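Encoded as structure tokens, the structure appears first; notes follow it.
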Amino acid sequence: MSLCFASLPLSLAPSMPGGVAYARTMPGVTAPFGLFDPLGLTPETKEEILLFRESELAHGRVAMMGALGFLVQSHFAPMYDMDSAPVIRHLDKVLQTENGQLGSSCLLLAIFFSEIQRARTGWVEPEVAMRTLREGYLPGDLGFDPMGLKPKGEADLLAMQNK
């Protein structure tokens, strides 16, 4: 599965069927497994599949950041004295200090505002429709590409998504 931009926009495939047939056309469905769904959990509608993909990408990013944070702090914690405590106890030690509480509050605010921005970018307002992505929104594509790494052509983008 790719790190970002992981689906076709709804406008590119308005006449495509939903369910498994649509899921087989999505980025990330590659050899040798093809569409890997041994329990048959693929939703029946294209819209539901796109919601699942959006959720998959959001949670995957959080998991990658958590794993990276765990590995980095196990070897590098310059702001706080960890007294050779195991990594699982670092947060407890940080939250015991005033600076740690301030830093944690700032981190929570940053997460809050980034999630609000993500919701405003990809989701239709709840007053209009619940659990609905915007027309033409690519799940995972938040428009954040400061280094210009997103390929311009569709074939190049698909190749990047399949890596």
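Answer with yes or no whether GLU154 is more than 18 Å from PRO27 (Cβ to Cβ) and open to solvent by 60 Å² or more (accessible area, probe 1.4 Å). So GLU154 does not fit the description; no.
When ARG89, ARG134, ARG120 are checked against the criterion of being in contact with a strand residue (DSSP E or B) (Cβ under 7 Å, 6 or more places away or on another chain) and either open to solvent by 50 Å² or more (accessible area, probe 1.4 Å) or more than 30 Å from THR45 (Cα to Cα) (or both), ARG134 stands alone in meeting it. Can you spot a residue in the stretch 107-124 that is more than 21 Å from HIS59 (Cα to Cα) and not in a helix (DSSP H, G or I)? Scanning the stretch 107-124 turns up no residue that is more than 21 Å from HIS59 (Cα to Cα) and not in a helix (DSSP H, G or I).
The values are calculated or read from the model by the stated rules, or taken from the named source; none is laboratory data. Just so we're clear, the structure is a prediction, and the values are computed from it rather than from any experiment. Neighbour counts are summed over all protein chains in view; Cβ atoms, including those assigned to glycine, are modelled from backbone coordinates with ideal geometry. Areas reflect the complete protein model, heavy atoms only, side chains present, ligands, DNA and RNA absent. Shrake-Rupley method; radii C 1.70, N 1.55, O 1.52, S 1.80 Å.
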